[in-house]
Amino acid sequence: MDSTRTFHQDVFCRILTIVSVLCTAAAFSSKHCALAFSHGPASAFLRPSTSLHNHEQGGGRRRGAVVDDDASISRSRHRTSLYSNSNHDGNNGAVKENDTTSWSVADWSAALSTQRLDRPIAITETIGKLPSDFPHGILYKTGPARFENENSGTPYSHWLEGDGAVVRLELNPVAAAAANGRREDCVGGGIANFTYRFVETELYNAERNEGRILSRGTFGTKKDDDDSFIQGLLGDAFDFKLKNPCNTHVVRFGGSSTSSPGDDDDDDDDSVLLALSEVGLPQRLDPNTLSPLGAETFDERLVDGAPAATIGIPILGPVLDSALGFGDAVCAHYRIIDGRIAFASMRQDAITSDTCLRMFEIDVRAPGRRRIASDVSSVLHGTGFPPHDWVMTPNYAVFVATPAGGDLTPFLLGKKGPAECISFRRADTATDGESSRLRATVHFVPRVSTTDGTIKRDALRVELPVALHPVHFANAWENEGHENTPSVEIYATCWSDERVNRMAATGESLLGSWAKVKGGDFDGIAVQRVMRIRTGGTESEPTVEEAIPSLGHVDYVKGNPNFAGRQSTRIWGAIAGDPEWAVTDEPAPVAPPQAFCRLDLSSKRKVDEWYAGPRKFVDDFVIIPKSREEEDGGEDHVWLLAPVFDAETKTSSFVLLQGDNLSAGPIFEARLNSHIPWGLHGSWYGLSSQHRIKLKNGMS
C-alpha cells in the first residue's frame, strides 16, 4: 500500500465526497444519521459520560423500569480510588479525604502507558504448578498498546485508538509434568511460552515509515500535517478514511484435529487467527509468529474500506460507496455456539440510521479448510450506530439497542471523530406536549442452518419498557414462550434507563471525556449493572430488572462456554476491589477493576471473589472449561486465566484461578519482565484434540 495518496487522488476523493454530501444534504438534515460507522469497544470502565446526578429526571416509573442509583455508587467510589491529593464527590463537588491506598493516579497512568517494545518481553518466573488436567493450549489477548505516533510523538486522542498488540501465551501441562518443579525447565522450557507483537497492518507500517499519523481516528485523532496544498486548504475535512487499530478482540478457530497434548508446534495447522475492532475488517495473523497476513474478507464477501457506511441511495448508492472508499466493519465480538463461530459484519446507512447487518457462521467442527456454513443479511432499524456486542441462542442472533444518532457536521468538516458526534436520540414529543422517554429495542435475527449464498431474513423487533445501553453480554437462552414473540432470557451489563434518558435529554456525547478518566476521575462514568431482559414467555410484555441488585458496577461478564445459548446460573465478571468493602453488602464502585467475582443468577448475589491486591489492576479474562460436557462438574467446573498489572514493579503477570474457588487465589502465575498495557478481550485455543475450540458449545 502507498503510504500517502497522490495530490490528484486526494483532490478527486475530497471533491467527490463534497458532491455526495451535497446530494444527500436534505436526507442528512432530516434524519439522525450515523455515518459513524462504529462506536468502538464499550468497556464502561473507560467509556465516560457526563455525570448528571442533579438533573430533573421527570416522568413516572413504569413496569419494568430500573431505578438509577448512580449517586450512591458515586459516593461509595471514594473507598477505592485515590485522586492525587483529594477526591471529588460526584453529587455536590465536596472534597473528601482518601481513606485507602488501593490505587493512585500514578498507578492507573502506569497501567495505561505505552509499551514501546524496546526489548523483548519474556517470562522471568513461574509460581505454582499447572494442574495435571489443564489442557495444552494458547491464550490470545489484545488491547491498545501504543498511544502516540512513535516518531512524531503526536498523542492519540483516546485510549481506544491505541495501536493494537496481541499476546500469545502457550501453556503446556505435559512440559510442566516433565519439569517436575525445576525452575530452569519451567521458565522458557516449554511450560509457558510468551510472544507479544503489534498488529502490523499496512497503515501501521506506513505510519512508522512516514513518522507521522496518516489517518483520522474514530475517537478524534487528527492526521499530522503533511505540508500538502490540499491538507493545508481543507485539513481533515471530507476525508472519511478511519484508522483500524485492531485492538479490541482476537480469536483463533478451525484447523486440523491431529494435534496431541505433546505437540510442540502446529506449523502445518490451517487454523485462522483474527485481530478485530469495529472500525474495519479483521486482520489475519500467523497463529505462531503473529506476523500479518492481510485483511480477512470472508471469501471476498466483504469490502476492505473505511468507514463502514453506505449512502443507501438506489442505483447511485453502490457507486458512491465504492468511489468514497466505504467498506464493511466486523463487530469485535463473535459468538460460538453448537460448534459454529459467528461473526457480524455491519454498515451504517447514512440516510436511515439503520444498521445493515451481514452474519457469517463458520463450522469449526470439520477438519481442514474452514467453510462458511451460512450467510444471512438483515437490517436493524433505527439503531443509530452498530452494537458493540451481541449474543446468540439456538435460533436467533440477538441485538439490543437504544436509538442514537447525532450531528455529523463536525466530523464531515474534520473537527471531530465520528464517535464524538454520537448521542442517544432525543425522544419524540408526546401528544400532551411532554417529552416521552426513550426505549430500547431487542432485534432477533433468525439463524439459518445452511445457505448457498446470501439469504435475507427480517429481524423481529421487541420494544422494551425502558431504555438501556448494553455493553457486554453474558448469555441468553430460549424459553417456552409466546406464539408471536421469541421467548428469550438475556443477561448483559447495561447503562440504566435513567442515565440513557438523561443523556438523550441533554444531547451529550456517548464518548465523554477521556482526559478525566485517564487522570483518575471516574465521576463521569456511567454505572454498569447486570440486567435480566426477558421477552415473550407467559407474559405478553417484556420485562427488565437487575439480575444482581446489590452488586454495583461490573464489566466483562461471561459464563461457562459449554452453556452458551442454554439456561445457566453462573457468570463471572471484573469489579473494583478492596477488602474493606468486599466483605460488606456495599455495591462495587466505579473504579479500575482490581478483582474477579462469581455471580449466582438464581440467588441474585455475589458468591465468590478474588482481590488482586493494592496497586494491582485486572482486565478481561478468559474462561476455560475443565470438560466438554455440561454434566461433568457443572457450570463452576472452569478455570479463569487473566493478566494482572503490578504498579509497584511496572510489570504484568498472568494468573490461573479455579472458577469455583476464586478466593483461594492463583494456582499458577507466569511473571513477565515488563508490562502489558491495560487491555481488552481475548480467547483460548486448545491444542489438544479434546480441548480444541470445537467445544459442544462456546462463547467469546
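The values are calculated or read from the model by the stated rules, or taken from the named source; none is laboratory data. Being a predicted model, the structure only gives us computed values, none of them experimental. Methodologically, a virtual Cβ is constructed for each residue, glycine included, from the backbone with ideal geometry; neighbour enumeration extends over all protein chains shown. Calculation scope for accessible area: heavy atoms of the full protein, side chains included, ligands and nucleic acids excluded. Shrake-Rupley method; radii C 1.70, N 1.55, O 1.52, S 1.80 Å.
What nm value, rounded to one decimal, do you get for the distance between Thr409 and Ser663 when each label is placed 7 Å out toward the C-beta?
5.8 nm
Among Leu641, Leu214, what's the order by accessible area (1.4 angstrom probe), most exposed first?
My answer, sorted largest first, is Leu214, Leu641.
Heavy-atom accessible area of Ser603 with all protein chains present, probe 1.4 Å, nearest 10 Å²?
50 Å²
Amide H of Gln594: which non-local residues (sequence gap of 5 or more, or other chain) have their own amide H closer than 5 Å, using H built in the peptide plane?
Here Ile575, Ala576, Gly577, Val618 satisfy the definition.
Considering only DSSP beta bridges whose two residues both sit in the stretch 544-683, what percent are antiparallel, to the nearest 5?
95 percent
I'd like the FRET efficiency for Thr124 and Asn288, computed as 1/(1 + (r/R0)^6) with the beta carbon distance as r and R0 of 22 Å, rounded to 0.05.
With R0 = 22 Å, the Cβ-Cβ based efficiency is 0.50.
Would you please give the residues with an amide H less than 5 Å from that of Asp286, counting only those at least 5 places away or on a separate chain, with H modeled from the backbone geometry?
Ser291, Leu293
With each label point set 7 Å from Cα along the Cα-Cβ vector, what nm distance links Glu545 and Asp458?
My value for the distance between the label points is 3.3 nm.
At R0 = 25 Å, how high is the FRET efficiency between Lys650 and Asn209 if r is their beta carbon distance? Nearest 0.05 is fine.
0.25
Per-residue counts of other Cβ atoms within 10 Å, averaged by peptide: what ranking do you get for 510-517, 343-350, highest first?
343-350, 510-517
Find, to one decimal place in angstroms, the Kirkwood hydrodynamic radius of the stretch 450-493, where the mean of 1/r is taken over every pair of different Cα atoms and then inverted.
So the Kirkwood estimate lands at 13.3 Å.
Under the Kirkwood approximation for Rh and a Cα-based Rg, what ratio Rg/Rh is obtained for the stretch 444-591?
Using only Cα positions, Rg/Rh for the stretch 444-591 is 1.02.
From the phi angles alone, apply the Karplus equation (6.51, -1.76, 1.60; θ = phi - 60°) to the stretch 285-292 and give each ³J(HN,Hα) in whole Hz, x where the residue is Gly or Pro.
Each residue's phi maps through the Karplus curve to give 10, 5, x, 9, 9, 6, 6, x Hz.
Measure off 7 Å from each Cα along the Cα-to-Cβ vector at Asn673 and Asn479, then give the distance between these two points in nanometres to one decimal.
Calculated label separation equals 5.6 nm.
What residues qualify as long-range amide H neighbours of Glu125, i.e. H under 5 Å apart, gap of 5 or more or another chain, H built at 1.01 Å from N?
Long-range HN contacts for Glu125: Arg671.
Past 22 Å, Cα to Cα, is the threshold; run Lys241/Lys415; Lys518/Lys650; Lys243/Lys415; Lys626/Lys650 against it and keep the listed order.
Beyond 22 Å between Cα atoms: Lys626/Lys650.
Extension gain Thr450-Ala323, at 0.36 nm per residue separation less the Cα-Cα distance, in nm?
Length difference between fully extended and current span is 42.4 nm.
For the peptides 355-364, 289-298, what is the packing order when you average, over each peptide's residues, the other Cβ atoms within 10 Å and list the highest mean first?
Ranked by mean Cβ neighbours within 10 Å, highest first: 355-364, 289-298.
Taking 8 Å as the Cα distance limit and 6 or more residues as the minimum spacing, I'd like the relative contact order of the stretch 424-572 as a percentage.
25 percent
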